[in-house]
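Okay, structure first, notes after.
The values are calculated or read from the model by the stated rules, or taken from the named source; none is laboratory data. The model shown is predicted, which means the values in this text are computed figures rather than measured ones. Neighbour counts are summed over all protein chains in view; Cβ atoms, including those assigned to glycine, are modelled from backbone coordinates with ideal geometry. We work out accessible area using only protein heavy atoms, side chains counted, and drop any ligands, DNA or RNA first. Shrake-Rupley method; radii C 1.70, N 1.55, O 1.52, S 1.80 Å.
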Amino acid sequence: MSWFLTLAGTFAAVDWWAVWQRNRRLEHLAKPAVMVMLILAALAADVDHASTRSWFVVALAFSLAGDVFLMLEREQFVAGLASFLIAHLSYIAGLTAAGVTSPALLAGIALAVVAVAIVGRRIGSAVRNDHAELTVPVWGYIVAISAMLATAIGTANVLAVAGAGLFYASDAVLGWTRFVAPLRHGRLAVIVPYHAGQILLVLALPTL
């Protein structure tokens with residue numbers, strides 16, 4: 001598992017550099033390679049809950065598909081959104097299979113509600129005003145990733161919570177830059193926490 005994680009981290013660093021340098025060709029090689037290595041790391045992990053590992057592998061596979069859809073020359077945003085939606089639902093299933101506690105889950109739900117109220121509502125309003133046809137899928141996605149964050153907090157696993165939090169932050173920045181207002185170095189601010197979050201979620205597997 002450690003070798004695959006090391007390779008995933010290496011490819012992630014290459015991808016961040018490619019994003020910084022606006023080297024799309026290198027980015028199109030490195031970004032999918034990160035997810036492939038994470039899938040292999042998850043398959044190699046020594047876990048207590050086989051179902052959790054299976055759901056995580058599904059989540060990583062759909063994340064890979066989402067990455068590819070969003071990198072195509074003619075970006076397939078809705079297909080990418082759908083892929084990541086399935087990824088989040090799969091993470092929810094895997095985290096739930098590992099076990100959640102009611103107090104931690106309630107705290108997670110409360111935090112997710114606050115995040116939606118502060119950031120999600122603003123993104124949703126911008127989508128409704130400028131891209132009305134995307135209102136339902138975007139809100140569905142916001143609900144799904146918020147539920148994933150709440151479920152991760154419900155496990156009380158530090159690695160899972162950190163990973164889900166970084167994943168959430170990445171998507172919040174992506175939604176903000178796409179629908180609300182561009183941010184300086186926005187693409188880098190999306191990709192770094194995205195990869196870090198996915199790596200931490202895979203690192204959490206043996207401890208769940």
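If a residue must be closer than 18 Å to LEU43 by Cα and open to solvent by 20 Å² or more (accessible area, probe 1.4 Å), how many such residues does region 160-207 contain?
5
ASP46 fails exactly one of the following numbered conditions: (1) of a type in the set (Asp, Glu); (2) in contact with a helix residue (DSSP H, G or I) (Cβ under 9 Å, 6 or more places away or on another chain); (3) without any contact (Cβ under 8 Å) to a residue 12 or more places away in the chain. What is the number of that condition?
The single condition ASP46 does not satisfy is (3).
Yes or no, residue by residue, for (1) in contact with a Leu (Cβ under 6 Å, 6 or more places away or on another chain); (2) of a type in the set (D, E, K, R); (3) modelled with pLDDT of 95 or more:
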| residue | (1), (2), (3) |
| --- | --- |
| ARG24 | no, yes, no |
| ALA30 | no, no, yes |
| ILE39 | yes, no, yes |
| THR96 | no, no, yes |
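Which numbered condition in (1) touching a His at 6+ places or on another chain (Cβ under 6 Å); (2) in contact (Cβ under 8 Å) with a residue 60 or more places away in the chain is the only one that ALA144 fails?
Condition not satisfied by ALA144: (2).
Across region 148-159, what is the number of residues that are more than 15 Å from ILE199 (Cα to Cα) and open to solvent by 20 Å² or more (accessible area, probe 1.4 Å)? It would help to see each step written out before you state the result.
Within region 148-159, the subset more than 15 Å from ILE199 (Cα to Cα) is 148-151, 153-156.
This time we only want the ones that are open to solvent by 20 Å² or more (accessible area, probe 1.4 Å), so: 153, 155-156.
Number satisfying all stated conditions: 3.
Does ALA33 fit the bill of being open to solvent by less than 30 Å² (accessible area, probe 1.4 Å), in contact (Cβ under 8 Å) with a residue 12 or more places away in the chain, within 19 Å of VAL192 (Cβ to Cβ) and part of a helix (DSSP H, G or I)? Walk me through how you get there before you give the answer.
Numbers: open to solvent by less than 30 Å² (accessible area, probe 1.4 Å): yes; in contact (Cβ under 8 Å) with a residue 12 or more places away in the chain: yes; within 19 Å of VAL192 (Cβ to Cβ): yes; part of a helix (DSSP H, G or I): yes.
So ALA33 passes the test.
Go through region 155-187 and count every residue that is at pLDDT below 95, over 21 Å from VAL116 (Cα atoms) and either part of a helix (DSSP H, G or I) or basic (Lys, Arg) (or both).
2
Out of the helices (runs of 4 or more DSSP H) lying entirely within region 47-147, which hold 2 or more residues that are open to solvent by less than 20 Å² (accessible area, probe 1.4 Å), under 23 Å from HIS195 (Cβ atoms) and not small (Gly, Ala, Ser)? Let's see the steps before the verdict.
Working: elements: 50-71, 77-98, 102-115, 121-130.
The qualifying helices (runs of 4 or more DSSP H) are 50-71, 77-98.
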